[in-house]
Amino acid sequence: MTITESNHAVTSDDDDDRFNAFFSDRHGPMIGLACSMVDQRSVAEEIVQESFQQVWLRWDTLTEPTFYLRTTVTNRCNDELRRRRVRREHWRAIPDQTPPERHYIADALSSVTPKRRTALVLRYYGGHSLSEVAAAMDIPTGTAKSLIHRGLADLRGAFH
């Protein structure tokens, strides 16, 4: 990697090829992860695109780009959910514009706390092991296991 006079990084063809392969390999799963968390494809695509941009900006310094990408997507999804919650609290007078055909699982997931939802999505939608969930959320493995267990209990309650 070289630096130009304007201090912008210029990547080598090898870096470009490695990033393109990384992007091709991880794009679909990250869209799925984000969609399952924010329940809107257009928002999920934007989150994933911004997350890949962050990875690209740090590409030459990342030792685990997949971990960084997954963490960035998860954090951005949680930010989006937090913004939605704040908007709902401040704009209760505006009628709900949620489409009626929204899937019942997404409705049930929305009743689960953000941390539990994140753990459930990483584990069951993302197909990650318990230790990978813990690493992505930066929590102990026992805490991840507890979040998943309690999140499943919340989902069972939502379906009854």
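Give the residues of region 57-68 that are buried (at least 17 other Cβ atoms within 10 Å of the Cβ) and farther than 18 Å from Met137 by Cα, sorted by residue number.
Trp59
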> Looking at region 129-146, which of its residues are free of Cβ contacts under 8 Å to residues at least 24 places away in the same chain and crowded, with 20+ Cβ neighbours inside 10 Å?
Replying inline: Val133, Ala134
>> Where the second residue is in a helix (DSSP H, G or I) and among the β-branched types (Val, Ile, Thr) and the first is closer than 16 Å to Thr71 by Cβ and lies in region 106-119, which pairs have Cβ atoms under 7 Å and are six or more apart or on separate chains?
In response: Thr118/Thr74; Ala119/Val133; Ala119/Ile148
> Quick one: what pairs do we get from region 28-46, first residue over 17 Å from Leu109 (Cβ atoms), second outside any helix (DSSP H, G or I) and among the β-branched types (Val, Ile, Thr), C-beta under 8 Å, 6+ apart or different chains?
Replying inline: none
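Every number here is computed from the coordinates shown, using simple stated rules; none is lab data. Being a predicted model, the structure only gives us computed values, none of them experimental. As a convention, Cβ positions derive from the backbone with ideal geometry for all residues, glycine included, and neighbour counts pool all protein chains shown.
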